[in-house]
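Chemist: Please see the structure below; I have some questions.
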Amino acid sequence: MSATTMQPLGPVKDQAVAAALGRRRKATDRLVRLLSFAATGIGLIFLASILVTLFFKGFGAMNPSVFTEVTKPPGSEGGLLNAIVGSLIQVALATAIGTPIGMLVGTFLAEYAKGSSFGNVVRFVSDILLSAPSILIGLFVYQLLVLPFGGFSGWAGVAALTIIIIPIVVRTTEDMLTLIPNTLREAVIGLGSPKWKMIVTICWRSAISGIITGILLGIARIAGETAPLLFTSLGNNAWTTDLTGPMPSLPITIYSYAGSPFQDWIELAWAGALLITLAVLLLNILARSVLGRSK
Amino acid sequence: MQQAATLPLGAPMDAKPHRTASPGRFGDTVFSAACHAAGGFVLLLLGGIIVELFIGGLPAFRAFGLPFIWSTEWDPVTEVFGAGVSIYGTIVTAVLAILLAVPVAFGVAFYLTELSPPWLRRPVGTAVELLAAVPSIIYGMWGFFLIAPIMGQYVQPAVIDTIGELPLIGELFQGPPFGTGIFTAALILAIMILPFIAATMRDVFEQVPPVFKESAYGLGCTTWEVMRGVVLPYTRISVVGGIMLGLGRALGETMAVTFVIGNANRISTSLFGPGNTIASVVALEFGESEMGSLKLSALLALGFILFVLSFIVLAASRFLLRSRLKA
């Protein structure tokens, strides 16, 4: 920057030097711009490559039996019906359990614990959970629910997914509640409303689109989670809606099929991968549009 | 603020008949208790994870003692287990992923904040964020069926023939081109953490007060000089925090790594050699361990070590990023 200030101040005889310096600075700037442009291109190419691969391999393997048949031994025409239903059940239950807890924690952080040290600890811990390796949450639930109760179960899978979705809902709930101006709170309190009513009827309602965004992003995240389900709901090749026994799920089925030596299983894995990616990306886009509309 | 607003309000209400005041008070007590309990529940969760992993790993820690951490042996037959190889693999892949991802993430953030035309900013930003939403298992399949063959057929042979011939550095790029291995795992990890780092960098770059940048532009600085001389120094700490966040993600990534790392329990000098990480070992070996066996305990002990590693990194990241929020 010191060079910059020199340029206009320099004596006339230095003009050639100044011009050369200016050219070099401009060239550096152009080079960095170019590299930065290239970097963005690289990122987009990776996304495109993933999507294109999925579409080619996934649509090739997609046929009605994917949705009507359960997983079968290699060679016979099987589908992913039980895995899809298993995933839906586990994700729905985890969302139903995790969302209220996450909202309460987020509310606690935004409305009750501003600046308190207990609140800071909770906020810190929730943020750690948000980024903690999901495989460890699987191990934890294994120790907590699988070992003592004598076996893998759908409920254990639900528990693992619940633990993963809670911090996501906490983060967005707190962020959204913090955006609400304090004058609004004061106005409600000034009307004689109790605090809980102010939170439920005013704060939650004002923040609802943001909170829904968080929930949708959370669903998108847990729908693709594989590692924590390995040790909890384990997977199952039969049709089952029994949450007390091992339960199939789409990611686990993809994992075991993609690593298998059978061509038809690998194709099913691609079909499943396409399904899950489409669902996750759609949820993400939906979440963004919910948030975008409220702004 | 809120406390101050509610307290004086509660006092006169007490003096009145309880008709209107008491239902509100009861609801307040219940709601506040529920919120506090939920907060406590989150603490319990994290505490529970630490305690359960430690208890589960205790038999292994007892059997092998401190050397468990650096011992490279992993033999299920003789029941001798060590974490050395997988800790090495975890750290090497994560650090390599950071080295690959940070320059690209910086480029993306630079483009999005300074160079991109405004109408392109949102779509490109969203696309990069979608990259973060793709499930880990999809990265694994993509890496295994598309990237690994490309690496094995084109990239690795070329690198082995050129850089691999050099003294010293060449050691890192030798051996047969499997396609899978430490380097491929790091590459996939880099793509996975790229959006996290890029998004953090973009957010903190946007927080630089425009006046600072405008004054630099007013002095005749180029865009790059403004970035290097004003924006980066201003956001330095948060940028490091964002990188640490990416590192924390990379340490614990499981499915994608399991697909492409080659899964061999050895430390090879070549980055193209196979290896494993804590998460991949746990994911792969878990199915073959009996309940209550020493092997299972060793896996849980590995989980505990991974937890400590990622806790330190994530805590550091949060600390660094928090100082931005307060400033």
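The values are calculated or read from the model by the stated rules, or taken from the named source; none is laboratory data. Just so we're clear, the structure is a prediction, and the values are computed from it rather than from any experiment. Neighbour counts run over all protein chains shown; Cβ positions are idealised from the backbone, glycine included.
Chemist: Six or more apart or on different chains, Cβ under 6 Å: which pairs go from a residue in the stretch B:293-317 that's more than 7 Å from every other protein chain (Cβ to nearest Cβ) to one that's acidic (Asp, Glu) and not in a helix (DSSP H, G or I)? Could you list them?
Modeler: B:Leu294/B:Glu79
Chemist: Do we have A:Gln7 as buried (at least 16 other Cβ atoms within 10 Å of the Cβ) and at pLDDT below 85 here?
Modeler: Here the answer is yes, as A:Gln7 does meet what is asked.
Chemist: Identify, please: which residue in the stretch B:224-250 is within 7 Å of chain A (Cβ to nearest Cβ) and hydrophobic (A, V, I, L, M, F, W, C) and is, among those, nearest to B:Phe110 (Cα to Cα)?
Modeler: Here the answer is B:Trp224.
Chemist: Name the residue, out of B:Phe205, B:Phe196, B:Phe212, that is touching an Asp or Glu at 6+ places or on another chain (Cβ under 9 Å) and within 14 Å of chain A (Cβ to nearest Cβ).
Modeler: B:Phe205
Chemist: Here is a list of conditions, (1) of a type outside the set (A, V, I, L, M, F, W, C); (2) within 14 Å of chain A (Cβ to nearest Cβ); (3) surrounded by fewer than 23 Cβ atoms within 10 Å (Cβ to Cβ), and B:Asn265 meets all of them except one; can you say which number that is?
Modeler: All conditions pass for B:Asn265, except number (2).
Chemist: Right, something else. Within the stretch B:223-240, can you find the residues that are surrounded by fewer than 22 Cβ atoms within 10 Å (Cβ to Cβ) and not hydrophobic (A, V, I, L, M, F, W, C)?
Modeler: Those that are surrounded by fewer than 22 Cβ atoms within 10 Å (Cβ to Cβ) and not hydrophobic (A, V, I, L, M, F, W, C): B:Thr223, B:Glu225, B:Arg228, B:Gly229, B:Pro233, B:Tyr234, B:Arg236.
Chemist: Just checking, which of B:Ile305, B:Ile267, B:Ile312 is farther than 30 Å from A:Ala18 by Cα and in contact with a strand residue (DSSP E or B) (Cβ under 8 Å, 6 or more places away or on another chain)?
Modeler: B:Ile267
Chemist: Tell me which residues, restricted to the stretch A:68-103, are hydrophobic (A, V, I, L, M, F, W, C), within 23 Å of A:Gly218 (Cα to Cα) and buried (at least 24 other Cβ atoms within 10 Å of the Cβ).
Modeler: The answer is A:Ala83, A:Val91, A:Ala94, A:Met103.
Chemist: Another one. Output the number of residues of the stretch B:268-280 satisfying the condition of being part of a loop (DSSP other than H, G, I, E, B) and either within 13 Å of chain A (Cβ to nearest Cβ) or surrounded by 24 or more Cβ atoms within 10 Å (Cβ to Cβ) (or both).
Modeler: Total satisfying the criteria: 3.
Chemist: Going through the stretch A:51-76 one residue at a time, which ones are in contact (Cβ under 8 Å) with a residue 60 or more places away in the chain and of a type in the set (Val, Ile, Thr)?
Modeler: A:Val66, A:Val70, A:Thr71
Chemist: Would it be correct to say that B:Ala283 is of a type in the set (A, V, I, L, M, F, W, C) and at the interface with another protein chain (Cβ under 8 Å from one of its Cβ atoms)?
Modeler: Judged against the criteria, B:Ala283 is a match.
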